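Step one of this worksheet: look at the structure below.
The values are calculated or read from the model by the stated rules, or taken from the named source; none is laboratory data. As the structure is a computational prediction, the values presented were derived from the model and not from experiment. For neighbour counting, all protein chains shown are included, and Cβ atoms are generated from backbone atoms with ideal geometry for every residue, glycine included.
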Amino acid sequence: MESESHFFLFLHPHQYLQIMKHQLIQLPYEANALEPVVSKETIGFHHGKHLNAYVNNLNAAIEGTKYEEMSLEEIVKTADGGVFNNAGQILNHNLYFTQFRAPKADNKPVGVIAQWIDQQFGSFEAFKDEFVKKGATLFGSGWVWLSADADGKLVITQETNAGNPVQRGLRPLLTFDVWEHAYYLDYQNRRPDHLAALWQIVDWDVVNERL
Ligand code: MN
């Protein structure tokens with residue numbers, strides 16, 4: 001009797017590749033864990049519909065192209081057009097969704113990132129002001145990022161649409177999504193209120209791991 005693994009030998013190499021396709025990341029918390037800062041409903045649409053669509057679109061767009069062999073980050077650094085847009089949005093959302101945990105009233109940076117923020121921005125308050133201002137004033141859709149350069153200098157950047165700081169040679173540490181789909185169900189047009197509330201759910205241990 002033929003084994004299952006034997007059967008795989010008859011698959012066309014292209015079919016084999018399907019098992020390495022990009023996947024929708026699993027959330028490291030329950031869909032209601034970030035309430036009331038981010039509702040279960042928003043998580044359902046944002047992760048289950050928007051991010052899922054980017055994953056499906058990218059897998060379809062790269063089929064039979066050189067991008068099939070690349071990591072997400074390599075695609076973001078080299079592609080343009082629809083391939084870039086979908087890959088960028090997957091990379092951005094993977095970093096976004098994995099940096100949160102349940103709300104904590106007096107949530108503050110810890111460890112090395114806390115020291116770096118104090119040294120380079122003066123205080124956590126000053127850093128938050130600049131970060132939220134850059135997120136609130138980004139025209140249209142995009143992301144505000146905290147990144148580090150090769151020398152350990154922290155930088156806050158605005159990236160439009162699917163942009164990611166890896167395109168500038170920076171290491172992304174923390175990001176707030178300012179696309180309307182990230183907040184419209186819970187905050188409608190009040191983007192600054194949404195950005196101000198997100199500080200309660202940032203998992204600073206994760207940010208430290210990215211340093
Ligand atoms: Mn989003």
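The table for this structure:
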{"read-out": "Test: residue in the stretch 92-112 that is away from the ligand (no atom under 16 Å from the Cβ), part of a helix (DSSP H, G or I), modelled with pLDDT of 95 or more and out of contact with any helix residue (DSSP H, G or I) (no Cβ under 9 Å at 6 or more places or on another chain)", "value": "no"}
{"read-out": "Contacts under 7 angstrom Cβ, first residue in the stretch 181-193 being at negative phi, partner in a helix (DSSP H, G or I) and more than 16 Å from the ligand (Cβ to nearest atom), 6 or more apart", "value": "Y187/D193; R191/A136; P192/V132; P192/A136"}
{"read-out": "Pairs where the first residue, in the stretch 68-95, is closer than 25 Å to G48 by Cβ and the second is of a type in the set (D, E, K, R) and within 16 Å of the ligand (Cβ to nearest atom), C-beta under 8 Å, 6+ apart", "value": "N92/D177; H93/D177"}
{"read-out": "Residue among Q89, Q115 that alone is under 23 Å from D203 (Cβ atoms), within 16 Å of the ligand (Cβ to nearest atom), in a helix (DSSP H, G or I) and modelled with pLDDT of 95 or more", "value": "Q89"}
{"read-out": "Subset of the stretch 118-169 (residues that are assigned to a loop (DSSP other than H, G, I, E, B) and farther than 30 Å from Y184 by Cβ)", "value": "G122, S123, D149, A150, D151, G152, K153, G169"}
{"read-out": "Condition check for L138: within 16 Å of the ligand (Cβ to nearest atom) and on the phi < 0 side of the Ramachandran plot", "value": "yes"}
{"read-out": "Output for the stretch 44-86, where each listed residue is within 16 Å of the ligand (Cβ to nearest atom) and among the polar types (S, T, N, Q)", "value": "N52, N56, N57, N85, N86"}
{"read-out": "Checklist (1) acidic (D, E); (2) within 16 Å of the ligand (Cβ to nearest atom); (3) over 27 Å from Y67 (Cα atoms) applied to E159, failing item", "value": "(3)"}
{"read-out": "Meets criteria (within 16 Å of the ligand (Cβ to nearest atom) and in a helix (DSSP H, G or I)) for L174", "value": "no"}
